[in-house]
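Step one of this worksheet: look at the structure below.
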Amino acid sequence: MLPSLRVAVVCWSNQNRSMEAHNFLGKRGFRVRSFGTGSHVKLPGPSPDRPNVYDYHTTYEQMYNDLVSKDKDFYRRKGILHMLARNKRIKPRPERFQDCNDPFDLILTCDERVYDYVVEDLNAREQETFQLVHVINVDIPDNEEEATLGAFVICKLCQCLQKSLDLDDEISELLQEFEEKSGRTFLHTVCFY
């Protein structure tokens, strides 16, 4: 049995896409953590120009209770309460990628802007162990249905990469094959810890 990959999934606010993939991968036995890269956590509000904004110390339970107190029916219809209920079953609060120093074998981002932030952050850190980490972007639109589909793609990709006997040597070929099968294209780069 091959050792399990240490996987991070990163989106903007550690709410929808990264948490759906975290849930999916965790149920399939992967060592996974999820993160956001934004300076704050944002959830949809009553209008696009009035989001609900929280800091990363706010628990999913506190966000849930805050939205219930504001307009339970509205946030239930929007699917936000369901998402927060799922999130609080996985971990207590969102985490910011830039605040994590734990090493991963594979970091999967959910859109190109997040990919750029993750790569920039890793390249700005002082390299200590020179352990290699693969950063791959899987573009996933930020809505409930696409988050579920994206989590499935991320899981299949991780399962494919997990089977590799020499991931560092084989990843380009494996990604190309997976792109052909899935009909998606991926950004990929290597960074070091």
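The values are calculated or read from the model by the stated rules, or taken from the named source; none is laboratory data. Here the structure is a predicted model, which is why all the values come from computation and not from measurement. Virtual Cβ from ideal backbone geometry, glycine too; neighbours counted across all protein chains shown. Calculation scope for accessible area: heavy atoms of the full protein, side chains included, ligands and nucleic acids excluded. Shrake-Rupley method; radii C 1.70, N 1.55, O 1.52, S 1.80 Å.
Here are the numbers for the structure shown:
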{"item": "Of all accessible heavy-atom area on region 117-160, the percent that carbon and sulfur account for (1.4 Å)", "result": "50 percent"}
{"item": "0 to 90° range, to nearest 10: angle between helix 112-124 axis and the chain longest Cα axis", "result": "60 degrees"}
{"item": "Carbon + sulfur, % of accessible area of region 1-71 - ligands and nucleic acids excluded, 1.4 Å", "result": "52 percent"}
{"item": "Where region 54-193 is the region considered: accessible area per residue in Å², 1.4 Å probe", "result": "56 Å²"}
{"item": "Tally of Lys pairs whose C-alpha atoms are under 21 Å apart, taken over the chain, 8 or more apart or cross-chain", "result": "15"}
{"item": "Region 85-193 shape via C-alpha gyration tensor axes, a/c threshold 1.5", "result": "oblate"}
{"item": "Cut-off 13 Å between beta-carbons: net charge of the residues surrounding Asp99, Lys and Arg +1, Asp and Glu -1", "result": "0"}
{"item": "Loop sites in region 100-170: trypsin sites (Lys or Arg not before Pro), DSSP, at most 16 other Cβ within 10 Å", "result": "Arg125, Lys163"}
{"item": "Amide H contacts under 5 Å for Ile107, placed H, 5+ residues apart", "result": "Ala8, His134, Val135, Ile136"}
{"item": "Relative contact order [Cα under 8 Å, 6+ residues apart], the chain, whole percent", "result": "26 percent"}
{"item": "0 to 90° range, to nearest 10: angle between helix 60-77 axis and the chain longest Cα axis", "result": "60 degrees"}
{"item": "Cys residues of the chain counted as unpaired, since no other Cys beta-carbon is under 4.7 Å", "result": "Cys100, Cys155, Cys158, Cys160, Cys191"}
{"item": "Bridge type composition, the chain - antiparallel percent by DSSP, nearest 5", "result": "40 percent"}
{"item": "Distance from region 108-141 to region 1-68 (C-alpha centre basis), Å", "result": "17 Å"}
